[in-house]
Each structure stands twice: as structure tokens, then as C-alpha cells.
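The values are calculated or read from the model by the stated rules, or taken from the named source; none is laboratory data. Here the structure is a predicted model, which is why all the values come from computation and not from measurement. Because the Cβ atoms are built from the backbone with ideal geometry, glycine has one as well, and the counts that use them run over all protein chains shown.
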Amino acid sequence: MNSARQAQLYRRMLAVGAFFLLIGGLAVAKLASLQGLPAVQALPESDESRSFEPQRGSIFDAHGYLLAVSTTVYDLAALPANITDTLSTAGLLSEVLHRPSLDLLQLLQQGKTYIRIQRGVSQEQADTILSWKRSGLQAEPRSTRVYPNGALAVCALGFVTESGVASHGIEAKYDDELGGEPGYRVPDRDSMGGLVYRYYPPHDGVDLYLTLDRNIQHVVEQALERGVRSTMASKGIAVVMDPRTGAILAMAVLPDYDPNTRIVSDESIFVNSAVSEAYEPGSVFKVITVVSALDAGTINASSTYYDSGEILVGGRPIRNSDLKAHGETSIRDLLAKSLNVGSATVSGRMGAKKFYEYLSRFRFGQLTGIDLALETSGWVRMPGNPEWHESDLATNSYGQGLAVTPLQMISAIAAVANHGVMMRPYVVARQVDGSQVTEVSPQVLRQVVSSEAASEVTDILVYAAETVADIVGVSGYSVAGKSGTSEVYTSSGGVDPNETVASFAGYAPADDPRFAILVVLDRPQLEHYGTRAAGPVFQEIAEEMLSLMGVPPDNVRTGNR
Amino acid sequence: MIARRKATKSLDYPLMLSVVVLVIFGIMMIFSATFTWKTSTTFVLKQVAFAVVGFGAMAFMSLIDQHILRRWALPIMGICVVALVGVLFMGGGGTSSWVSGASVQPTEFVKLGFIIYMAAWLAPQGGRIRDITYGLIPFAVLLGVVCGLIVLEPDVGAAVLIAGTALAMFFIAGADIKQLLFSILLGAAVLYILVSALPYAGDRVRVFIDPSSDPLRTGYQIQRILTALRSGGMFGRGLGNGEFKQMLPLPHTDAIFPVIGEELGMVGCLVVLGVYGLIVWRGMKISINAPDVFSSLLAAGVSCWIALQALVHIAGNTAALPYTGVTLPFVSYGGSSLIMTLAGAGVLLGVSRVKVDKQVAASTTFAFGRRNRRTRVSRTGRRRGMEAHRRR
């Protein structure tokens, strides 16, 4: 570079440098001026920070009736040493708490420093007690969960304990959404160095609106209770589903419990047997076998088979439940008479590969994905499993030797009702977070079988239900249904003919189903067979629901008067 | 006539040492700033990894011949423009997810790339730079396009930095002062329009003028920063003892200076400022002693970039200038930022290595007007016509 250019470069570089120094000097001046202000003191210890509890979200049914809500109650306690007039205090308390004043007097005269008088006192009672301004009485607020309808739909709802732990059902599944976010405050300094608190308000939990309908739920629980009582069953389960959407309209398990108090003889009552326990479905499962075979083309509606009363599969004999031979039999009679030999013949014709492929399509052995806590996938042995035996192909075809949950069973039946389209079952229809509403839309799992196969099976099931119309039928409506009776293996491995699981599954109106119902009675003592034990419960629910939902009779609906 | 350049082993060691010290200090401060976070160690380990890559980039840039950079200036500029346009179409993946440190920030690459291109474009201009058609207009168009793309991202801080660096280079290269003043006025007008058009930029300027206005939103940041600086006092509360750093927005990147201020006090701040002063002083010295005009402008550009970025960060974080989201070079967390500033330092070191025999060097002055690959750098029809005119 020549010297003139070098000199210019040098000059201009100096100018730029001077500009930088100017800005740097400004920053330093600012820094120095900050030193002139009074020093900022350290913040107080962080244990002064407090957290603020959010309100747990409420649960409503499909029409907005309250099913679960959180309120504040008070735990009443006393410091006897600080009470001046024990006698009059006990008298006043007895009026508010509706307890004998003598009991309270005894309580207060114990020689302790701290006495718990009563837990869960209501807001009004606590307000009254505190308004006396008597020393020595304390009321500590606490959040609690109230279920205004008592045991209604408790198997789906679950509960929240006093310590705030959500257990079972929707409460457990949606604990994060319902629970909300706690608020808190942290100490801070304002610009003048004064102590201030920054407050982050709690975010209240989300309100849930269910697909369950309080009225239908009540009808289902009443019918199931009558069924359990009249048959002396050890347990009753009923699930009602809208086959078009997968929405669960009602779900009941007996014996039940009151989620407010949760006094039970056995904690296994808390388990929702409709989704968390599997049973052997018995002959109801033949519906699945037949619809799969129709869809696979193994059989058609006019197919027949020869029923000799007994066939050997994998070296084991398969017999009809009536132990009779029925000769040349149609598929229609196979289902109507519930012939084990028939379904074993059909599954044998399908072959293990196809049969189990259809079971997987219907999602047996898999979770349905319902939004309830503790769902179980049941238990299906597939070929390839070392415990699988050739004879399982036959026994599985009529619902023995496998275990499914009532929810899996009704989902599969609902898929047949819904023209072969399987929907994901769900119970929460809407989440409301303040002003933000999230609707849950029905979700198609897949087309399991063809619409033709499904409607053929529906026709057969209408015929099957008509043969026992006095027990399961509803006059004026076409009802499709199938019963099931499965044997229960006793602990010794044998079979007791009096120990059965009786069930009935069906849907109505058959041509345009509005609901699908599954009723399962565990070990009914007075009636052992599916139709006779569970059929009347199905009939009662179906009849009531058709009128509750305002479904016109078939002749009005189709216009054939 | 070709300059007899000789690459020596005598690097500018004070410069290198300052940079290394700042990077190590930065890792320390990032650890302190993020200490209460769950992911603190992740940030520190990532920054260490970035530093390793960055030192690799620094070594590479210090070893290659500046002529290679000059030859590749146009493709580098092309990549910069493509990257900026790409970010616009990808939906601002750069700026928005920048905090996570997961994405590449193309503006950081553009800062160095644009300096290289500016140096390559300015170097052969010589006295023509005073001519408006060859100097100011192409300069304004080029700067307008690049800054416009960055403002659209939107990253006004980076655009201001690039514009400032480019102006400084234009000035150092010998621009006409009157033209420059005019363009600065024009730039100020554009900046004014931008600030009034972009709501957040306008808020920041208002808060700068009156820090107590809007204490809950924009003013909140600057209040937190000033509280942290004040609580540090003269000697600070001790490394890791900061309390108000936890309430700073982005204490590991855009607001790392108040963390330094709270924990090491005003003394610590002045030392950090001093180290930047040393780096910039060495950079300018390297520029003045550079073997050729390109290298000189390159070194001047990188020095101005580092100086401006450090000043905008520090001045913004002391309320001496409006607050902008700009990282503190070598110190703040951020892969793209650290790697590219270290590469810039590598460029300075590379220029410092090259010594030229004085007499040969003088003759290079006359090589300005030669068409030494000038057409590779900028091709406008008008200039080609100019060459034809000259040849005649």
C-alpha cells in the first residue's frame, strides 16, 4: 500500500475506533451511574414463597348434569387448654354438628393439647363456628371431592381420596387435565429495590363432559341390580355403547360403592370389571366367528354343515351344549341354536391363520384405547404361542379358552351393528378449559368386516333373538342379539355346571342401531344360562332406552304401517 | 506483478489468548446463568462442543490463504442469500427455535460471509469508490437486499450489526464522507420506519427512552437487567451467587452481561470490556499492517463486527442503547454464533501471519486497477463497459 492510502486507512481506523470508544464510554458511564443508586438487598429466603392450589375440574354427563365436583370442607380441631368455657362450647358445637353434647364434652375434656373434633365440616358449619370467635377452636380448610349422585356411574368415574390422590376411571386417567396447575409466588425486587412478590395464579383444572347419559346410566344400573338380585349373581356388568360413534352411553358394575365414603368390604370392588378384568365370553363370540367366516368367503348365508353332535379337533372332542346331533344345519340355526360343533366346523374351514387374523382385526388381545384408567388387553393365545393347542381353534370359535374384557366384546358386537366399521370407544366427549372447548370427535379404527357380512349376521341375530322374543324382545322393534354361557373353571381345574358366566349382547333397532348392550352376570345361582339370566336385563334396558331416546317403532320409522 | 507474500508462524498471540480466555470465561458464565435449570449441564456440554468446533474453524481460517477467501467471495455471498431466503420460506425456523440451540442460525454465517464479500468488492475499487455510481449505489443496493432479508426474519439486531459493519468498512475503504453522511441519514430514516412498523422494536425504543414505562412487558426485561447489575455492586456477589440472574430473560445468551455484572460486579464488567478493547485494538493493528488491501479490509471488517456486536450487547444490557437480542461474542451460548465469531477471529489471525517484503508491498498498490480477478467478484454490465472504455 502506498503511504497516502496507509495514512488515510490509519486516520479512518482511528475515527472508527473513537466511535467505538464513545459507545463503550456510554456503557461504562451507565454502569457507574448504577453504582450511585442505593444497593439492592438480597431476596428473603425462598421458603417465604407460597403455592396456591388450583380448583380440580368438574365432571358432567352428556347433558351437563354434575357427576363430580370439588368443594372446600373444613377439619375442625380444638386446643382444650385455650378453651375457657368447655361446657357451653360443647353445647354450641352439638347444635351445629348435630352430635350429642355429652360426646363432645368428653372429647374436649381429654387431657391432650390438640384434639380433632370432626373432619369434613361444611362451609356453613365452619362459618358459624368461627363466627363465635371462641378461642381454642380451629377450622382448617381442605379441598374435597363430592359425587352428588352417589354410586351412579362410579365404575367409570373412579374417585379422589382425602389426600388428593386420584384412583381408577376418569379421575385417574384425566388426573393431569382435571388437576390443573398450582400457582405460586416468588420474592423479587422492584426497580427501586423494594421487596415485591410476583404472583403466578393457579390454572384451574379442565371440566370434562362425558358421553355417559345420567338417565340411561340410571336405567342400566336399576335393570342390572334387579338382574343380579333375582339371579343371585356374584357380579353384574353392563356396557351400553353407541355403535355409530363408539361413545359409551352407560357403564355399570355391581356390586358398587359410594365414591364419597368408599366403604367397601373388599378393595376388589374398586376394580372396573368392564375394562380391567377379562372373562370367557362363551357363545356370544360365535357372532365374531360367523361374521369373520362370511367376510372371508369361507361360508355364505345359505351355507350348511352336517352336525353329528361331536367332532374331534386336535384330538379333543367338541360337543354341543345340549349333547345332541342336529344333522344338516344352516348357519342361521347354528347361531340361533348356538351349536358348538357348528362354530368349530366353521373355524376349522377358515383355518387358524385366517381365524386369528380376524380376532386381531377385532382387536381381541389388544387395548381398545378407551380413556379410562387401568384397561387390560385380555388374553388370546395365538398360533406360535407354545401354549396354543390345535383344539383352541375350535374352543375359541365359541368363546372358550380365551379371555376378553366386556368392553372388547361390546366394541366387536358394535362393529357388526355399525355395518362392519369399528369405532374407538370413548367416555369423554368434551374438555372445557375456561373459554377453550375441545370436542372429542369419534374415531374410526377400521372396517373390520364388509358391510354385507355384517348385515347378513344382523339378520341372523334378529332371527336368533326372535326365537326367545319373550325374554329379550321389545314389541314394535327389531332386536338383534346373542346369548352366551361359559363354564367357569374351578380352582381344582374341573367344571361345575352351576358355576357359569351368563351374558347377552345385542343391539336395536337392528337395521339402524342406536345402541349396543352387553350384560354379563358372573356366577348367577338361580339361572345359569345366558338368555334366561342376562336376557331380561337386556330386555329392560333396551325397552327403556328406546323410549328414553325417543326411537319410533319400526313401522313408523320405515313407513310400513 | 505479484506480491511476495510469506506466511509466517508468528500469529498475533495476544489476540488469540484473549479470545481463548473469553470462550472459557463464557462457558463458566453459561454454567452460572443456567445453574438453576434442569438442563444446565446440557447447555454447558453443548457449548464446549461448539467451542471445540469453533476452535477448529478458527485454526482453519487462520491457516488458509486470504486469496482463497477472495476467490470464493461471490459463491459465499450466494450461499448467504440462498440461506436467508430459505429461512424465510421454512417459516423462521432459525429465529424462533434459536433458544433450543437445535437449529442453525444463518444470520451468523451471513455476518462473516458479507464481510468477506464486502472486502472482495471494495478492495479493487480504489479511488472509484468516491464515484456514486460505482460506490454508493451498488453498496446501498447490496446492503439493502441483505439487511432487508434479515429484517424480514425478523432479526433487527443482526441487520443493524451488519449494516454498521458494512458502513464502517465502506468508510475505511475510502468512501466520500459527504455521501456516507447522506447514506447514514437515509439508513436512520429506514431504521425509524422499521421501528415504527415492527411493534416489538418500537416498544423497545420507548422503553429505552423511559425505562419505567410498561413495567410488565417490554420494560420488564430492562428492569430485571438493571436490578441484576445494581445488586452486583462494585465487586459482585461472587461467581455462582447471583440471584436476580434467575429472573433475566435468556440469561445465557442475550442477557449474559448482567449475569457477569451481578456476580463479578462493575470491576468484572470493566475487565470484560477491556478484553474486547484489546481484541479490537489488535484487530485494527492487523488491518493496518496487512499485506494487501483485501486482507486489510477483511481484518477491519471482522474487527468492527466483533466490536459492534460486543458494544450493542453491552450497551443494550446497560440501557445505554435500546435493548436488542444480540449475543456477546465468544461468551454467550449458541453454536452458530460462537463458531462463526471464532472463525472471524481465525481470519484476523490468518491476516496477522502474512508478512510482505516492504518494497514488493509498495508495488502492490499499483495493482489496484489491474483486472486481478475483479470480474469474478462483481459483474455488472456497466462496469464491464467501463473496462472496455479503459482498455481503449
The lone exception for A:ARG50 - which of (1) loosely packed, with under 13 Cβ neighbours inside 10 Å; (2) of a type in the set (D, E, K, R); (3) farther than 30 Å from A:VAL196 by Cβ it fails: (3)
Can you pull out every residue in the range B:291-336 that is in contact (Cβ under 8 Å) with a residue 60 or more places away in the chain, at the interface with another protein chain (Cβ under 8 Å from one of its Cβ atoms) and among the aliphatic types (A, V, I, L, M)? B:VAL293, B:ALA300, B:LEU308, B:ALA319, B:LEU321
Which is among the hydrophobic types (A, V, I, L, M, F, W, C), within 12 Å of chain B (Cβ to nearest Cβ), over 30 Å from A:THR211 (Cα atoms) and not in a helix (DSSP H, G or I), of A:VAL28, A:VAL40? A:VAL40
Which ones in the range B:276-290 are within 11 Å of chain A (Cβ to nearest Cβ) and either of a type in the set (Ser, Thr, Tyr) or farther than 30 Å from B:ARG71 by Cα (or both)? B:TYR276, B:GLY277, B:SER287
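Sort out for me the helices (runs of 4 or more DSSP H) sitting completely within the range A:130-246 that have 1 or more residues that are basic (Lys, Arg) and at positive phi. Don't jump to the end; show me each part of the working.
Numbers: elements: A:154-157, A:169-173, A:175-179, A:214-231.
Ranges flagged: none.
Among the listed residues A:ALA18, A:ALA78, A:ALA4, which satisfies the condition of being within 14 Å of chain B (Cβ to nearest Cβ), farther than 30 Å from B:ARG237 by Cβ and at pLDDT 85 or above?
Values: A:ALA78 fails: within 14 Å of chain B (Cβ to nearest Cβ); A:ALA4 fails: at pLDDT 85 or above.
Unique residue meeting the criteria: A:ALA18.
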If B:PRO251 meets every condition in (1) more than 9 Å from chain A (Cβ to nearest Cβ); (2) at pLDDT 85 or above; (3) in a helix (DSSP H, G or I); (4) surrounded by 18 or more Cβ atoms within 10 Å (Cβ to Cβ) apart from one, which number is that one? (3)
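Kindly indicate which of A:GLU221, A:GLU177 is in contact (Cβ under 8 Å) with a residue 24 or more places away in the chain, out of contact with any Leu (no Cβ under 6 Å at 6 or more places or on another chain) and over 30 Å from A:SER547 (Cα atoms).
Details: A:GLU221 fails: over 30 Å from A:SER547 (Cα atoms).
Answer to the selection: A:GLU177.
Could you list, in sequence order, all residues of the range B:113-145 that are more than 20 Å from B:ILE177 (Cα to Cα) and crowded, with 23+ Cβ neighbours inside 10 Å?
At the first step, the residues of the range B:113-145 found to be more than 20 Å from B:ILE177 (Cα to Cα) are B:113-117, B:120, B:145.
Correct list: B:GLY113, B:PHE114, B:ILE115, B:ILE116, B:TYR117, B:ALA120.
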Counting only residues that are touching a strand residue (DSSP E or B) at 6+ places or on another chain (Cβ under 6 Å) and part of a loop (DSSP other than H, G, I, E, B), which one in the range A:426-441 is farthest from A:ASP213 (Cα to Cα)? A:VAL440
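State all residues of the range B:254-264 that are closer than 20 Å to A:PRO38 by Cα and more than 9 Å from every other protein chain (Cβ to nearest Cβ); if no residue qualifies, say none. Working first, answer last.
Narrowing the range B:254-264 to residues closer than 20 Å to A:PRO38 by Cα: B:258-264.
Passing the criteria: B:PRO258, B:VAL259, B:ILE260, B:GLU262, B:GLU263, B:LEU264.
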Hey, B:LEU273 hits all of (1) away from chain A (no Cβ under 14 Å); (2) surrounded by 16 or more Cβ atoms within 10 Å (Cβ to Cβ); (3) outside any loop (DSSP other than H, G, I, E, B); (4) of a type in the set (A, V, I, L, M, F, W, C) but one; which does it fall short on? (1)
In the range A:523-534, residue surrounded by the fewest Cβ atoms within 10 Å (Cβ to Cβ) [restricted to those that are under 12 Å from A:VAL228 (Cα atoms) and touching a helix residue (DSSP H, G or I) at 6+ places or on another chain (Cβ under 8 Å)]: A:LEU526
Residues being more than 13 Å from A:CYS155 (Cβ to Cβ) and surrounded by 24 or more Cβ atoms within 10 Å (Cβ to Cβ): count how many of those fall in the range A:248-264. 1
Could you identify the single residue in A:GLU221, A:GLU267 that is surrounded by fewer than 18 Cβ atoms within 10 Å (Cβ to Cβ), out of contact with any Pro (no Cβ under 8 Å at 6 or more places or on another chain) and either assigned by TED's automatic domain parsing to the domain that holds A:GLU527 or under 27 Å from A:LEU526 (Cα atoms) (or both)? A:GLU267
In the range A:158-197, what residues are farther than 24 Å from A:ALA252 by Cα and aliphatic (A, V, I, L, M)? A:VAL186, A:MET192, A:LEU195, A:VAL196
Only one of these conditions is not met by B:PHE235: (1) assigned to a helix (DSSP H, G or I); (2) within 12 Å of chain A (Cβ to nearest Cβ). Which number is it? (1)
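Going residue by residue through the range A:93-110, is there one that turns out to be away from chain B (no Cβ under 14 Å), assigned to a helix (DSSP H, G or I) and among the small types (Gly, Ala, Ser)?
First, pick out the residues of the range A:93-110 that are away from chain B (no Cβ under 14 Å): A:93-110.
Within this subset, residues satisfying the condition of being assigned to a helix (DSSP H, G or I) are A:93-97, A:101-108.
Going one step further and asking which of them are among the small types (Gly, Ala, Ser), we end up with A:94, A:101.
Checked the range A:93-110: at least one residue is away from chain B (no Cβ under 14 Å), assigned to a helix (DSSP H, G or I) and among the small types (Gly, Ala, Ser).
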Give the residues of the range A:406-441 that are among the hydroxyl-bearing types (Ser, Thr, Tyr) and modelled with pLDDT under 95, sorted by residue number. A:SER435, A:THR438, A:SER441
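Determine which member of the set A:ARG119, A:ARG145, A:ARG134 is among the charged types (D, E, K, R), in contact with a strand residue (DSSP E or B) (Cβ under 8 Å, 6 or more places away or on another chain) and surrounded by 17 or more Cβ atoms within 10 Å (Cβ to Cβ). So that I can check it myself, show each step before the final result.
Details: A:ARG119 fails: surrounded by 17 or more Cβ atoms within 10 Å (Cβ to Cβ); A:ARG134 fails: in contact with a strand residue (DSSP E or B) (Cβ under 8 Å, 6 or more places away or on another chain).
Just a single option satisfies the conditions, and that option is A:ARG145.
Rundown of residues vs (1) of a type in the set (A, V, I, L, M, F, W, C); (2) modelled with pLDDT of 85 or more; (3) not in a helix (DSSP H, G or I), yes/no style:
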| residue | (1), (2), (3) |
| --- | --- |
| B:GLY91 | no, no, yes |
| B:VAL110 | yes, yes, no |
| B:PHE114 | yes, yes, no |
| B:MET118 | yes, yes, no |
| B:ILE132 | yes, no, yes |
| B:LEU143 | yes, yes, no |
| B:ILE150 | yes, yes, no |
| B:LEU161 | yes, yes, no |
